[in-house]
Structure formats: C-alpha cells, structure tokens
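One structure below.
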Amino acid sequence: MFNETTMLPKIQPILYAVSAFIVFTILSVLLKFITNHRPTDDEYFGLFGKKDILLGALVALILTFSHERKKKLK
C-alpha cells in the first residue's frame with residue numbers, strides 16, 4: 001500500500017520512531033505480565049511508569065537515528 005517513494009521523506013522517521021516506541025512498550029508490558037510485576041501508584045494504567053516512557057522514547061530516538069544513518073550510507 002505504502003512505498004518509500006510515495007511517503008514524504010520527513011514523515012518516515014517519525015513513523016519509524018513511533019513504531020519503535022510502540023514495540024518497546026508492548027515488549028515492556030509483556031515482560032511485566034510474565035514476571036508478575038506488581039503495579040504501583042505512579043504507573044499509567046498499572047502497566048508502565050514515567051521511567052518506562054522515557055526509556056522507550058530514548059530507545060526510539062536511538063533506533064531512528066541509527067536507521068537514518070544507515071539509509072544515508074546506502
């Protein structure tokens with residue numbers, strides 16, 4: 001449906017970062033379910049906290065930056 005040539009080049013990194021953040025969040029929630037993590041008061045929806053969100057944003061930023069550099073090298 002979507003091709004790299006049809007999408008605006010400035011939207012691609014944003015979609016990549018959002019996708020990386022969503023994947024990180026899903027994996028984080030799955031790990032908490034597997035390990036029987038007890039929710040605390042500072043967590044959103046009883047699943048992830050502020051530190052998880054900041055860590056997810058940092059991972060998404062690093063992955064997006066790395067992906068963009070690899071694309072430029074090709």
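Structure data summary
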read-out	value
Output for the stretch 5-22, where each listed residue is part of a helix (DSSP H, G or I), out of contact with any Asp or Glu (no Cβ under 9 Å at 6 or more places or on another chain) and over 13 Å from Leu55 (Cβ atoms)	Ile11, Ile14, Leu15, Ala17, Val18, Ser19, Ile22
Residue that is loosely packed, with under 14 Cβ neighbours inside 10 Å, at pLDDT below 90 and among the polar types (S, T, N, Q), where the choices are Thr25, Thr40	Thr40
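The values are calculated or read from the model by the stated rules, or taken from the named source; none is laboratory data. Everything numeric here is computed off the predicted structure, so don't read it as measured data. Methodologically, a virtual Cβ is constructed for each residue, glycine included, from the backbone with ideal geometry; neighbour enumeration extends over all protein chains shown.
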